[in-house]
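Below is one structure; the comments refer to it alone.
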Amino acid sequence: MTTHPAIAAGPLRPDDAALVYPLVRMIFPALERGLWMRAARRALRAGRYGRQGMLVARHGAAGRPCGVISFHCDPDMRLGRVLTAEHFVALTFGDESAVLEAFLPVLDAVARRAGCGAVRVLLPRRAARLRAALAARGHAEAGEMLSCALGG
């Protein structure tokens with residue numbers, strides 16, 4: 001478990017899945033509980049620090065969850081393997097950048113163990129303060145990402 005002042009970050013634990021669901025609903029309000037629980041089970045099967053999973057931030061090592069971020073490792077033609085972190089959400093009385101900063105050293109460690117050459121963090125466009133916190137830690141803008149859901 002890695003800590004930022006008063007915030008600890010580490011892998012999703014089995015007892016976190018139900019507690020994290022309200023946080024996830026902040027960014028995906030229509031996400032059904034069953035879909036979330038399946039996603040959490042997949043993340044838990046990935047192992048302590050596998051090549052995909054979720055991290056949870058909490059106020060203090062034993063506190064309630066105050067943030068979540070998912071990650072996965074994929075090949076990149078320039079950088080080799082890259083760890084991509086996305087779906088960041090934080091609910092805290094303090095600055096949400098403190099939650100993100102608690103995740104960064106854990107993401108770096110996961111990336112190193114997975115043989116990644118870089119860490120990519122995807123944030124919503126509205127997150128100027130979070131982008132500034134990442135820039136202060138050496139992250140550079142790498143363009144815009146656009147996506148389109150496929151109808152089924």
- [ ] Mind listing whichever residues of the range 48-80 are out of contact with any strand residue (DSSP E or B) (no Cβ under 8 Å at 6 or more places or on another chain) and open to solvent by 80 Å² or more (accessible area, probe 1.4 Å)?
- [x] A62, M77, R78
TODO: Could you please tell me which pairs satisfy a Cβ distance under 6 Å, a separation of 6+ or placement on different chains, a first residue in the range 93-117 that is modelled with pLDDT under 90, and a second residue that is part of a helix (DSSP H, G or I) and open to solvent by less than 10 Å² (accessible area, probe 1.4 Å)?
DONE: S97/L130
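Go over the candidates F71, F28 one by one and state the one that is among the aromatic types (F, W, Y) and within 14 Å of the chain's Cα centre (by Cα). Break it down into steps so the answer makes sense when it comes.
Numbers: F28 fails: within 14 Å of the chain's Cα centre (by Cα).
Unique residue meeting the criteria: F71.
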TODO: Among the numbered conditions (1) touching a strand residue (DSSP E or B) at 6+ places or on another chain (Cβ under 7 Å); (2) crowded, with 20+ Cβ neighbours inside 10 Å, tell me where L104 comes up short.
DONE: (1)
Task: Residues satisfying the stated conditions in the range 107-152, i.e. in contact with a strand residue (DSSP E or B) (Cβ under 6 Å, 6 or more places away or on another chain) and at positive phi - done: G115
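Within the range 114-142, which residues are charged (D, E, K, R) and assigned to a loop (DSSP other than H, G, I, E, B)?
In the first step, residues of the range 114-142 are kept if they are charged (D, E, K, R); the result is 120, 125-126, 129, 131, 137, 141.
Within the range 114-142, R125, R126, R137, E141 qualify.
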Task: Residue match in the range 29-47 (condition: in a loop (DSSP other than H, G, I, E, B), at pLDDT below 90, touching a strand residue (DSSP E or B) at 6+ places or on another chain (Cβ under 8 Å) and surrounded by fewer than 12 Cβ atoms within 10 Å (Cβ to Cβ)) - done: yes
Open item on the list: So in the range 67-92, with the set limited to residues that are acidic (D, E) and touching a residue at least 24 places away in the same chain (Cβ under 8 Å), which one is farthest from A136 (Cα to Cα)?
Closed with: D76
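The values are calculated or read from the model by the stated rules, or taken from the named source; none is laboratory data. Treat the numbers as computed from the prediction; the structure is a model and nothing was measured. All Cβ positions, glycine included, derive from the backbone under ideal geometry; neighbour counts span all protein chains shown. Areas reflect the complete protein model, heavy atoms only, side chains present, ligands, DNA and RNA absent. Shrake-Rupley method; radii C 1.70, N 1.55, O 1.52, S 1.80 Å.
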